[in-house]
Amino acid sequence: MNAAQEWFFCTIGVHPRFDVMSQRKAFLLRIDPAVLEAVQHWADDDLRSLNAQIEFLLRRALTDRGRMKAPPEKLNEQATTTGEDEPG
């Protein structure tokens, strides 16, 4: 399994090697009902649970703002768009 696949399994909360759920922290989230409904609809469209959708959105926001390391496939995509892989 490559790093991109491992990151994907961790993102969706399912990992074939170990129980990811035992490594998760539970917490109470107070949220505006309209925001919750919108995120739930988005999760339904993406075939994710509400929890997985919230984590997906948080990870995306963190990596986009440089607060968390990007997954390997995103690093490769950024290098291609900025020309870092081109010789010379």
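Please treat every number below as a calculation from the coordinates, not as lab data. What you see is a predicted model; the values in this text were computed from it and never measured.
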Length added when fully stretched, residue 57-residue 38, from 0.36 nm per residue minus Cα-Cα:
5.6 nm
All-pairs Cα distance distribution in region 22-69, expressed in whole percent, bin size 10 Å
24, 48, 29, 0
